[in-house]
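Let me begin by presenting the structure, written as structure tokens, before commenting on it.
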Amino acid sequence: METKTWILILRWVNIVAAVVIGAMGIYQLVTFQMFSDFHFYEIWSIFTPVYSLIFCGLLLAIEFKKDFIADQFQFMMSCFGRGIFYIFLGSVVSYQPTGGSSTQVAGWIWGLTLWLVGIFYVVIHFVGPKSATAGLKDVIVFLLFQAVSAEYGTA
């Protein structure tokens, strides 16, 4: 596949991740899932859907190249920072304190998916070019060029 195709695929993975995280947050808010079977020790369950919506907005702003993201959230411009953020999001999404077992299973499945995406980005950080200022696109282009070169035996 061409490099632009891989970059487009990763961009769509990020957009789909943001939309699903937002959809889970909206679902929890609309159904008032965090208030069913509420106990005082589960007070943090109120914040989970709100955080999910905030993180959804952050991920969408990154993908649509908003300038304030580059200034205020510089860690999201590197593979390592984005990978750690996805691992954190996987932890937040996999925690479903209330609701039926189907909600908990969906949370764990989506959490595992986000963990894998995060691990992928962290691996790209360590395998890619050693430049500390290499952007996400540069790293992906470098790795894809190496993979195509190895496949076709060109340098």
- Note on the structure: Phi angles of the range 116-125, converted by Karplus (6.51 cos²θ - 1.76 cosθ + 1.60, θ = phi - 60°) into ³J(HN,Hα) in whole Hz with x for Gly and Pro, give 5, 5, x, 5, 4, 5, 5, 5, 4, 4
- Please give the peptides 81-93, 9-21 ranked by average Cβ packing (other Cβ atoms within 10 Å per residue), highest first, as a rough proxy for protection. 81-93, 9-21
- Query: Amide H of residue 73: which non-local residues (sequence gap of 5 or more, or other chain) have their own amide H closer than 5 Å, using H built in the peptide plane?
  - Reply: none
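Only the coordinates and a few stated rules stand behind these numbers; no lab work does. Predicted model, so just to flag it, every value in this text is computed and none were measured. Every residue, glycine among them, receives a Cβ derived from its backbone with ideal geometry; neighbour counts consider all protein chains shown.
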